[in-house]
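Here the structure comes first, spelled out in structure tokens, and everything after it is commentary.
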Amino acid sequence: MASFIKSPSEILAKLGIEQLNPMQEEALSVIAQNEGTILLSPTGTGKTVAFLMPLIASLSPEIEEIQALIIAPTRELAIQIEQVLRDMGTGYKTNVVYGGRSGSQDRRDFETRPAILVGTPGRIADHLRRDAFDTSFINMLVLDEFDKSLEIGFESEMIEVLDALPNLKKKVLTSATQEINVPAFVGLVKPAQINYLHNAVPKLTVKQIIVGDDLLKGLADSLKAIGSKPGIIFCNYKDTINGISDFLQARGISHGLFYGGLEQKDRERALIKFRNGTHQLLLATDLAARGIDVPEIKFIIHYELPHREQEFTHRNGRTARMNSEGTAYVLTRKNAEMPDYMPELELVQLTGGKELKPSEWCTLFITGGKKDKISKGDIAGLFIKQAGLQPYEVGHIEIKLDCTFVSIHRSQLTVALSKTNNTRVKKKKIRVSEA
């Protein structure tokens, strides 16, 4: 029998959060008291926790059908929301569905209904067409980053979903953008609004770097001057990303790739390696401009400028999150024509610095996870006690449902593999390999 937790203090303790921030406190109260809520807050301020807390409070342990539906525009955001729900440890079953995931896996998950279903609009709509689950008990709908779902062409799927939910009592829409237009089909009548966008990135500075005709050389010089700090290089096209990747690879500069044409597994691993320091740089399209879980980013570089101001804002929002500082650089050739939305920028010349070196960290993949009752302490013990690594040689540990990723100091890669592969953790025989 599952033990269900609704107490905010218990949930926060599991998340390692001392107290809710003012936006989250307001959301907890406002969402509970209103049928419709629009939550506007900058990227990185904790919107996910803000809408999940009242959602959890609305669930009934007696109902064995889906009670709440959360729709996110991208796989990464859907997976991230599901991970936060798992970390909350409330006892309520949660599943995530998205395009590219096995349909048979979805059906197996639905054999025991989750209380909360998270997914992308297309996959949710597809399941509704197939009558994969009963919708009559779904009383709360969250459209996270709903404006992004509309931008990337999910309007018809969102209409399908809303039409299939006859007993909704609450609707919550979130966005990190001020210029929102809520379509009539959402059916929001005089919604309450929580708006913290006035708190947006006060410690962000945007600067322009003018380089010669060779943008790649200008990028390399800029990275050298910025130094070894985590950052994202934004481009508009995957061909540009692949060109930059070849250039950086030839110079031994560690980096990951993140764009729509990649396999889901490759995108997930790129983010994991970026989070744990194996990669200090991420080359990305606007897919990474919002809704992904990444560490504090010290800078972003616009290698190619987006076509719209909204995406420029979202890209910049990846740095200077919460209370940290960050810089957005616009890389241009001399006399380059700037978009109409671009304000006058401070001009800087980035010179000097040392050549970037390969990362001192590498990532290992372990065939065991949460379903095997494996904890972070188990993984730390595996590498410190069994493999003989020093605590400072074991980095970030991420435990997924059926696998685990851990970063270790690259100098210990050979010994770590030899002493951990084909061993056991919690009676589970594991395989360990470089990710």
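So here's what we get for this one:
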quantity: Residue count, the stretch 222-237 (criterion: under 19 Å from ALA289 (Cβ atoms) and crowded, with 18+ Cβ neighbours inside 10 Å); calculated: 6
quantity: Selection status of SER156, polar (S, T, N, Q), part of a helix (DSSP H, G or I) and either within 30 Å of PRO358 (Cα to Cα) or at pLDDT below 90 (or both); calculated: no
quantity: Identity of the residue in the stretch 31-69, of a type in the set (S, T, N, Q) and over 16 Å from LYS171 (Cα atoms), that ends up surrounded by the fewest Cβ atoms within 10 Å (Cβ to Cβ); calculated: SER60
quantity: Number of positions in the stretch 238-282 that are in a loop (DSSP other than H, G, I, E, B), under 23 Å from LEU401 (Cβ atoms) and touching a strand residue (DSSP E or B) at 6+ places or on another chain (Cβ under 6 Å); calculated: 2
quantity: Those helices (runs of 4 or more DSSP H) lying entirely in the stretch 28-128 with at least 3 residues under 23 Å from GLN178 (Cβ atoms) and touching a helix residue (DSSP H, G or I) at 6+ places or on another chain (Cβ under 8 Å); calculated: 47-57
quantity: Residue count for the stretch 392-425, restricted to those that are touching a residue at least 24 places away in the same chain (Cβ under 8 Å), part of a strand (DSSP E or B) and of a type in the set (A, V, I, L, M); calculated: 4
quantity: Restricting the stretch 343-371 to residues that are under 27 Å from the mean Cα position of the chain (by Cα) and without any contact (Cβ under 8 Å) to a residue 40 or more places away in the chain, the residue that is farthest from HIS279 (Cα to Cα); calculated: LYS371
quantity: Some residue of the stretch 149-160 being closer than 30 Å to ALA336 by Cβ, more than 25 Å from the chain's Cα centre (by Cα) and in contact (Cβ under 8 Å) with a residue 24 or more places away in the chain; calculated: no
quantity: Test: residue in the stretch 344-351 that is more than 26 Å from THR285 (Cα to Cα), in contact with an Asp or Glu (Cβ under 9 Å, 6 or more places away or on another chain) and among the hydroxyl-bearing types (Ser, Thr, Tyr); calculated: yes
quantity: Where a residue in the stretch 94-105 is hydrophobic (A, V, I, L, M, F, W, C) and its partner, wherever it lies, is outside any strand (DSSP E or B), with Cβ under 7 Å and at least six apart; calculated: VAL96/ALA78; VAL96/ILE79; VAL96/GLU82; VAL97/ASP106; VAL97/ARG123; VAL97/ILE124; VAL97/HIS127
quantity: From the options LEU413, LEU401, LEU417, residue that is aliphatic (A, V, I, L, M) and at pLDDT below 95; calculated: LEU401
quantity: Conditions (1) more than 23 Å from the chain's Cα centre (by Cα); (2) more than 24 Å from GLU296 (Cβ to Cβ); number of the one not met by ILE253; calculated: (2)
quantity: Identity of the residue in the stretch 380-391, in contact (Cβ under 8 Å) with a residue 24 or more places away in the chain and assigned to a helix (DSSP H, G or I), that ends up nearest to THR94 (Cα to Cα); calculated: LEU382
quantity: The stretch 118-143 residues that are touching a residue at least 60 places away in the same chain (Cβ under 8 Å) and more than 26 Å from VAL49 (Cα to Cα), paired with ones that are assigned to a helix (DSSP H, G or I) and among the charged types (D, E, K, R) (beta carbon under 7 Å, 6 or more apart); calculated: none
quantity: Residue list for the stretch 41-82, filter: under 30 Å from GLY261 (Cα atoms), in contact (Cβ under 8 Å) with a residue 60 or more places away in the chain and of a type in the set (A, V, I, L, M); calculated: LEU69, ILE70, ILE71, ALA72, LEU77, ILE79, ILE81
quantity: Given (1) at pLDDT 90 or above; (2) out of contact with any Gly (no Cβ under 7 Å at 6 or more places or on another chain); (3) surrounded by 14 or more Cβ atoms within 10 Å (Cβ to Cβ), index of the condition LYS217 fails; calculated: (3)
quantity: Residues located in the stretch 264-286, provided they are under 23 Å from LEU216 (Cβ atoms) and in contact with a Lys or Arg (Cβ under 8 Å, 6 or more places away or on another chain); calculated: HIS279, GLN280, THR285, ASP286
quantity: So GLU337, is it over 25 Å from PHE274 (Cα atoms) and either hydrophobic (A, V, I, L, M, F, W, C) or free of Cβ contacts under 8 Å to residues at least 40 places away in the same chain (or both); calculated: yes
quantity: Considering residues of the stretch 306-349 that are hydrophobic (A, V, I, L, M, F, W, C) and modelled with pLDDT under 85 only, the residue farthest from LEU216 (Cα to Cα); calculated: MET322
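The values are calculated or read from the model by the stated rules, or taken from the named source; none is laboratory data. From a predicted model like this one, the values you see are computed outputs, not experimental measurements. Don't worry about glycine lacking a Cβ; one is built from the backbone with ideal geometry, like all the others, and counts go over all protein chains shown.
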